[in-house]
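What follows is a short report on a single structure.
The values are calculated or read from the model by the stated rules, or taken from the named source; none is laboratory data. Predicted model only: the values in this text are computed from it and were never measured. Neighbour counts are summed over all protein chains in view; Cβ atoms, including those assigned to glycine, are modelled from backbone coordinates with ideal geometry.
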Amino acid sequence: MSYLEVETVTKRFDDLVAVDDVSFSAEEGEFLSLLGPSGCGKTTMLRMIAGLETPTTGEIRIRGEDVTDQPPYERDIGMMFQHYALFPHKTVGENVGFPLKMRGVGAEERREQVAEALEMVRLPDAIDRSPTELSGGQQQRVALARALVFEPDVLLLDEPLSALDRVLRQQMRVELERIQKEIGVTTVYVTHDQMEAFSLSDTVVVLEDGHLSQQGSPIDIYENPTSEFVGDFIGQSTKLTGTVTATEDRPVLETPGVHELRLPSSVDVNRGESEAVFLRAEKLDIRDQPSGHENAFPATIRVINYLGEKTVFYCDLEDGTEVIVSKQGFTNVDEYERGDEVYVVARPEDLVIARSVDDRAPQQVEGVR
Amino acid sequence: MRDDLRWTAVKATSALVYLFLLAPLFVVVAISFNPTQFATFPPAGFSLEWYYDFFTHDRMLRSLFNSFVVATGSAIVAGVVGMISAFGFVRYDFRWKNALSSLLFLPMIISPVVIGVALTTFLTEIGMERNYLYLIAGHSTLVLPYVFVTVRAQLYRFDQELEEAARTLGANELETFVEVTLPLIMPGLGAGMLLAFVISFGEFTATQFWIQPQTTTAPIEIYTMVRTSLTPMINAMATMLIVVTVVVPLVLDAVLGKNLILKSA
């Protein structure tokens with residue numbers, strides 16, 4: 001039995017299936033992210049855990065107790081909303097003290113716990129201020145303090161960083177991680193931002209169009225996507241589709257843009273089948289000449305984005321397919337300019353091929369005939 | 001330059017129009033302190049004689065008290081019903097919603113004479129006596145749209161995520177309403193109820209169909225008095241009416257510190 005269990009949950013709104021047969025679970029203290037593009041059902045899923053929506057079918061359990069039909073106020077859930085949802089007519093202290101007041105905690109004890117919670121989010125002096133006077137980052141801290149002050153079973157975060165600017169977002173991410181680890185609360189985090197999900201989470205659940213696409217550790221999701229959707233959605237990559245052929249004992253993908261793309265020899269693909277391969281931008285290279293054992297294919301540089309820590313090249317293959325190459329600490333940007341004819345280089349072992357878990361099972365491996 | 005001139009002309013015209021509309025009110029207030037029997041302007045002196053008359057005149061006091069009772073009752077009834085209807089129209093979808101919401105504004109649009117006659121027929125038909133409740137029922141109908149429209153405007157701007165937040169934090173439906181919803185719609189509700197009070201307090205046209213001697217309201221009393229005996233006490237009474245309908249809400253507003261009227265305007 002896991003701490004938080006979501007079992008075959010489906011949510012229908014009239015004709016729309018927002019969440020489709022999703023199951024996952026989190027252990028006590030685990031940080032789990034629901035990751036996916038907007039409209040994938042991640043927020044609906046979160047709202048069902050909070051009790052703000054009721055699943056059409058399926059079950060949600062917290063500590064083994066079925067809470068599927070419990071109203072939110074009977075669950076011990078701390079939820080932080082995207083726009084914080086602080087009560088504008090109450091002071092910061094009253095906001096943070098609100099869940100305690102609703103639980104019948106006396107005024108004096110409340111004051112103590114509120115002070116403690118504000119200490120934790122490093123805003124001890126804001127207690128008598130109005131939330132409307134606070135900056136976005138401060139409001140967020142107050143919202144977090146309010147969601148945690150009553151020591152909830154589960155902390156739910158709905159895109160909490162999306163309303164902040166970039167620098168603040170990074171600070172808050174670190175802060176969030178510190179606090180979550182400090183109190184060890186089981187956390188479900190909704191985001192469309194892969195970097196946020198990866199840097200914070202023990203487990204990432206990728207949702208696509210209402211159904212669960214893949215669940216695993218960040219590294220698992222990045223290196224071994226189990227579906228084309230995950231391969232495409234995670235990271236910056238170019239997708240090439242083609243037909244598998246073979247030269248000697250090595251599998252090769254025939255694609256319009258590259259002609260012959262050598263695949264890693266370990267991969268199980270069947271000759272004549274259509275496959276999609278993802279070229280991760282940061283694993284590609286740009287050269288003036290093709291080199292021996294690697295895939296090298298001619299391309300024309302269309303755009304160069306120098307971003308300081310990295311440089312991103314947007315190149316066009318022969319058939320017009322766009323391929324993105326991202327180079328860390330690239331100092332000789334000046335040597336390239338728009339319209340240059342170059343070779344994009346990809347080592348076969350760096351290619352990512354989406355494989356569903358079933359296909360990876362040993363009995364299914366047939367190799368190339 | 002010409003534009004400046006035009007603006008000055010516009011401003012001057014507006015000022016004159018307002019002066020024309022408001023000046024009689026000031027005159028009434030001024031001559032209510034006039035010691036002479038016949039109205040003169042400017043006043044010939046200063047006297048509280050008519051106010052003394054007024055406060056010792058049983059029928060006058062009675063009518064003012066009646067107006068207070070009816071206006072307060074109507075503001076409360078319209079406040080509750082108007083708020084609940086506003087919630088229904090903003091938060092729920094149902095058939096004929098737009099048509100029905102237009103219907104709710106009818107008491108504002110239809111001539112009060114028609115409403116006065118119609119309601120009289122109806123209430124008489126169901127055998128209701130002409131008491132306070134009769135008047136409150138009538139006035140509530142007249143002022144309902146004002147509460148409905150101000151609360152509805154407030155609710156359209158209301159961030160429902162705040163209610164959801166309260167519920168996740170442990171507040172049940174009632175606690176959420178008392179702790180979060182009500183305080184936040186108070187500016188709209190308060191402004192609507194103040195308007196309802198003031199309009200009910202000054203209502204004349206429909207009210208004359210609904211009163212009996214014991215429930216006569218202040219505006220009707222003034223009218224009756226003007227018709228029978230022209231005493232300057234009426235000016236004192238009219239001044240009291242102005243004070244109640246203009247000054248009381250403003251003071252209440254300032255004291256409560258919510259700026260209900262200014263905010264909702």
Scan region A:149-186 for residues that are more than 22 Å from A:Glu27 (Cβ to Cβ), part of a loop (DSSP other than H, G, I, E, B) and away from chain B (no Cβ under 14 Å) and report the count.
4
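Could you list, in sequence order, all residues of region B:186-210 that are more than 16 Å from B:Val248 (Cα to Cα) and surrounded by 20 or more Cβ atoms within 10 Å (Cβ to Cβ)? Reasoning before the result, please.
The initial filter retains those residues of region B:186-210 that are more than 16 Å from B:Val248 (Cα to Cα), namely B:186-189, B:203-210.
B:Pro187, B:Gly188, B:Leu189, B:Glu203, B:Ala206, B:Thr207, B:Trp210 - these are the residues of region B:186-210 that are more than 16 Å from B:Val248 (Cα to Cα) and surrounded by 20 or more Cβ atoms within 10 Å (Cβ to Cβ).
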State yes or no: is A:Val325 buried (at least 17 other Cβ atoms within 10 Å of the Cβ), among the aliphatic types (A, V, I, L, M) and touching a helix residue (DSSP H, G or I) at 6+ places or on another chain (Cβ under 7 Å)?
yes
Among the residues listed as A:Gly78, A:Gly97, A:Gly93, A:Gly104, the single one being assigned to a loop (DSSP other than H, G, I, E, B), among the small types (Gly, Ala, Ser) and either within 14 Å of chain B (Cβ to nearest Cβ) or out of contact with any Leu (no Cβ under 6 Å at 6 or more places or on another chain) (or both):
A:Gly104
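When you look at A:Ile179, is it over 26 Å from A:Pro55 (Cα atoms), among the β-branched types (Val, Ile, Thr) and in contact with a strand residue (DSSP E or B) (Cβ under 9 Å, 6 or more places away or on another chain), yes or no? Can you show your working first?
Working: over 26 Å from A:Pro55 (Cα atoms): yes; among the β-branched types (Val, Ile, Thr): yes; in contact with a strand residue (DSSP E or B) (Cβ under 9 Å, 6 or more places away or on another chain): no.
Judged against the criteria, A:Ile179 is not a match.
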Subset of region A:283-312, residues over 20 Å from A:Val352 (Cα atoms), buried (at least 16 other Cβ atoms within 10 Å of the Cβ) and in contact with a Lys or Arg (Cβ under 9 Å, 6 or more places away or on another chain), comes to A:Ile301, A:Ile304, A:Thr311
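Looking at region A:237-262, which of the residues that are outside any strand (DSSP E or B) and within 14 Å of A:Pro348 (Cβ to Cβ) is modelled with the highest pLDDT?
Within region A:237-262, the first condition is being outside any strand (DSSP E or B), and the residues that meet it are A:248-249, A:256-258.
From the residues that got through so far, the ones that are within 14 Å of A:Pro348 (Cβ to Cβ) too are A:248-249, A:258.
Numbers: A:Glu248: 63, A:Asp249: 71, A:Val258: 74.
Only one residue fits best here, namely A:Val258.
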Could you list, in sequence order, the residues of region A:134-148 that are touching a helix residue (DSSP H, G or I) at 6+ places or on another chain (Cβ under 7 Å) and at the interface with chain B (Cβ under 9 Å from one of its Cβ atoms)?
A:Arg146
Scan region B:221-264 for residues that are small (Gly, Ala, Ser) and modelled with pLDDT under 80 and jot them down.
B:Ser229, B:Ala254, B:Gly257, B:Ser264
The conditions are (1) within 13 Å of chain A (Cβ to nearest Cβ); (2) touching a residue at least 40 places away in the same chain (Cβ under 8 Å); (3) aliphatic (A, V, I, L, M), and B:Leu174 fails exactly one of them. Which is it?
(2)
Does A:Thr54 satisfy the criteria of being part of a strand (DSSP E or B), surrounded by fewer than 22 Cβ atoms within 10 Å (Cβ to Cβ) and more than 20 Å from the chain's Cα centre (by Cα)?
no
Inter-residue pairs, beta-carbon under 7 Å, first modelled with pLDDT of 95 or more and crowded, with 19+ Cβ neighbours inside 10 Å and in region A:93-112, second part of a helix (DSSP H, G or I) and polar (S, T, N, Q), 6+ apart
A:Leu100/A:Gln113
Just to check your reading of the model, which residue among A:Met45, A:Met1 is away from chain B (no Cβ under 13 Å), assigned to a loop (DSSP other than H, G, I, E, B) and among the aliphatic types (A, V, I, L, M)?
A:Met1
